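Asker: Here it is: the structure, laid out below.
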Amino acid sequence: MTGHFMPSVLTLHQLAEAKAKPLEPRVLVFAETPPDDTSRDKAYLIIDPDPGWDEVARADGTVSARRGRFRVRCCGSGVGQAALALDAARGAFLNWWPYTDPRFGMCRETDAGPLVTDKSVATDIRYSFTLTYEIND
């Protein structure tokens, strides 16, 4: 490691949630899966913490870099709402620097999942995309 450490998983999770909150009320933002009655018939994001990972690129096996990561579930009761949430998330996190310390990199989208349909409640079908964001140290 280069002598500094990425802030905690919880810190990044809280910063990501705060960054997305201004999207409300057009797109709701949650830090965990919300109760069905608060998200039904609305576009919404769920910000999920992620442990990130350590890169080991040195011959001695020591960590050479750490990646902070979080995921954003872009959801809705219809495909259009999920797509609206996806576009809103991409706009919110584009070129975002979560930390003021210049040793830490800019947030960048590293993966995007396909549309998923959740039919676990037959009377309340939900749709979602998942985006993954990383920050380098």
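No value in this document is a laboratory result; all are computed from the given coordinates. Given the structure is predicted, the values throughout are model-derived calculations rather than measurements. Here the Cβ is made from the backbone with ideal geometry for all residues, glycine too, and neighbour counts use every protein chain on show.
Asker: Treating the angle as unsigned and between 0 and 90°, give the value, to the nearest 10°, between the Cα long axis of helix 79-93 and the longest Cα principal axis of the chain.
Answerer: On a 0 to 90 degree scale, this one is about 30.
Asker: Placing +1 at every Lys and Arg Cβ and -1 at every Asp and Glu Cβ, with all other atoms neutral, what dipole size does the range 9-136 have around its Cα centre, in debye to the nearest 20?
Answerer: Numbers: 16 positive and 18 negative charges, 52 e Å.
Magnitude of the dipole: close to 240 debye.
Asker: Per DSSP H run of at least 4 residues, take -39500 (n - 2.57); add these up for the chain, divide by its residues and hand me the 222 nm value, nearest 500 deg cm²/dmol. Write out the running numbers ahead of the final one.
Answerer: Numbers: 3 runs with 31 residues, N = 137.
Dividing the helical sum by the residues of the chain leaves -6500 deg cm²/dmol.
Asker: Determine the gain in length on full extension of the stretch V56-R40; use 0.36 nm per residue of separation and subtract their C-alpha separation, reporting nm with one decimal.
Answerer: Values: separation 16, 0.36 × 16 = 5.76 nm, distance 4.35 nm.
My answer for the length gained is 1.4 nm.
Asker: Could you give me the ³J(HN,Hα) list for the range 17-24, computed from phi with Karplus coefficients 6.51, -1.76, 1.60 and θ = phi - 60°, whole Hz, x at Gly and Pro?
Answerer: Result, ordered by residue: 4, 5, 5, 7, 3, x, 5, 6 Hz.
Asker: Additional query: Consider the candidate values (i) 16.4, 56; (ii) 19.0, 60; (iii) 19.1, 64; state which one is Rg and Dmax of the Cα atoms in Å computed from the structure displayed.
Answerer: Answer label, from the structure shown: (i).
Asker: Could you tell me which of T100, A89, G61 has its Cα farthest along the dipole of the range 9-136 towards the positive end, charges placed at Cβ (Lys, Arg +1; Asp, Glu -1), taken about the Cα centre?
Answerer: T100
Asker: What residue among A59, A20, A82 has the largest mean-square fluctuation in a Gaussian network model of the chain, using Cα springs under 10 Å?
Answerer: Of the options given, A59 has the highest mean-square fluctuation.
Asker: Taking amide H atoms as placed 1.01 Å from N in the peptide plane, list the residues 5 or more away in sequence, or in a different chain, whose amide H sits under 5 Å from that of V29.
Answerer: Amide H to amide H, under 5 Å and 5 or more residues apart or across chains, V29 pairs with L45.
Asker: Please tell me the relative contact order of the chain in percent, rounded to the nearest whole number, where contacts are Cα pairs under 8 Å and at least six residues apart.
Answerer: Values: 291 pairs, mean separation 33.8, N = 137.
This gives 25 percent for the chain.
Asker: Taking the highest mean first, how do the peptides 49-57, 69-77, 124-132 order by number of other beta carbon atoms within 10 angstrom per residue?
Answerer: Going by the mean number of other Cβ atoms within 10 Å, highest first, we get 69-77, 124-132, 49-57.
Asker: With the dipole of the range 9-136 worked out from charges on the C-beta (+1 for Lys and Arg, -1 for Asp and Glu) around the Cα centre, which of A18, G52, A31 lies farthest toward the positive end?
Answerer: Most positive-ward Cα: A18.
Asker: Something else: In nm, what is the difference between 0.36 nm times the number of residues separating T110 and Q14 and their Cα-Cα distance? Kindly include the intermediate steps, with their values, before the conclusion.
Answerer: Values: separation 96, 0.36 × 96 = 34.56 nm, distance 1.96 nm.
Extra length from T110 to Q14 when fully extended: 32.6 nm.
Asker: Separate question: Read phi for every residue in the range 102-119 and hand back ³J(HN,Hα) as whole Hz from Karplus 6.51 cos²θ - 1.76 cosθ + 1.60, θ = phi - 60°, with x for Gly and Pro.
Answerer: x, 5, 9, x, 7, 5, 9, 6, 10, 7, 9, x, x, 4, 10, 10, 9, 10
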